[in-house]
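Before any comments, here is the structure.
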Amino acid sequence: MLRHRFVLAVVAIVVVWLAVVTVQIARQPEIGVDSPQQLQRQLATALNARDAGALAEVVGYPVAEVDDFAKAYLARLDEVNASAITVTLLPDPRDPKAAEIRGERASTRPAAGNQGSRVTFSYRVAVGQVDGSWRVEFIPPL
């Protein structure tokens with residue numbers, strides 16, 4: 001009788017655990033936006049405004065770590081005093097495979113007598129569509 005109760009308790013714990021995991025997976029927010037144009041706007045706005053929440057919504061990154069990633073990414077932009085950031089979708093804005101991010105940052109080697117010199121930067125990140133949602137992936141566009 002005691003063994004039967006123990007088995008029932010273990011089964012009940014497993015069932016509850018599976019239910020909790022299922023509900024948590026179902027409640028995870030969708031990553032991405034409805035269109036490439038919305039992705040372009042939201043990414044540019046998030047980078048310029050240093051909005052970690054908006055950036056996390058469009059970055060294909062593990063859900064458990066995306067908030068920390070977005071905060072660290074934007075902190076790096078702050079460190080180099082990045083500004084005037086633009087996003088261009090390539091090769092076709094209607095069906096992009098990459099986003100080119102351009103902006104200005106503080107120079108690491110200011111010219112003599114010019115302490116406020118700025119330099120441009122640019123880099124590309126992959127763009128993808130997953131389950132109808134557009135997002136950026138910080139992996140090389142293949």
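Which one is nearest to residue 92 (Cα to Cα) among residues in the stretch 31-78 that are of a type in the set (Phe, Trp, Tyr) and assigned to a helix (DSSP H, G or I)? Reasoning before the result, please.
Within the stretch 31-78, the first condition is being of a type in the set (Phe, Trp, Tyr), and the residues that meet it are 61, 69, 73.
Still in the running and assigned to a helix (DSSP H, G or I): 69, 73.
Details: 69: 28, 73: 26 Å.
The extreme case among them is 73.
Filter the stretch 46-74 for residues that are in contact with a strand residue (DSSP E or B) (Cβ under 9 Å, 6 or more places away or on another chain), surrounded by fewer than 18 Cβ atoms within 10 Å (Cβ to Cβ) and farther than 18 Å from residue 139 by Cβ and give the result.
Listed by number, the list holds a single entry, 48.
Please find, among 2, 77, the residue that is loosely packed, with under 10 Cβ neighbours inside 10 Å and not acidic (Asp, Glu).
2
Suppose we keep only residues that are out of contact with any helix residue (DSSP H, G or I) (no Cβ under 8 Å at 6 or more places or on another chain) and closer than 24 Å to residue 36 by Cβ within the stretch 89-108. Which one would you say is surrounded by the most Cβ atoms within 10 Å (Cβ to Cβ)?
So, considering only residues that are out of contact with any helix residue (DSSP H, G or I) (no Cβ under 8 Å at 6 or more places or on another chain) and closer than 24 Å to residue 36 by Cβ, the one surrounded by the most Cβ atoms within 10 Å (Cβ to Cβ) is 98.
Contact list please: Cβ distance under 7 Å, first residue in the stretch 44-64 and without any contact (Cβ under 8 Å) to a residue 40 or more places away in the chain and over 14 Å from residue 127 (Cβ atoms), second residue hydrophobic (A, V, I, L, M, F, W, C) and part of a loop (DSSP other than H, G, I, E, B), pairs at least six apart or on different chains.
Within 7 Å, the pairs are 57/31.
So which pairs qualify, if the first residue must be in the stretch 131-142 and small (Gly, Ala, Ser), the second must be modelled with pLDDT of 70 or more and not in a loop (DSSP other than H, G, I, E, B), the Cβ gap must be under 7 Å, and the two must be at least 6 apart or on different chains?
Pairs that qualify, where the first residue is small (Gly, Ala, Ser) and the partner is modelled with pLDDT of 70 or more and not in a loop (DSSP other than H, G, I, E, B), are 133/33.
The values are calculated or read from the model by the stated rules, or taken from the named source; none is laboratory data. Computed from a predicted model, the values in this text were never measured in an experiment. All Cβ positions, glycine included, derive from the backbone under ideal geometry; neighbour counts span all protein chains shown.
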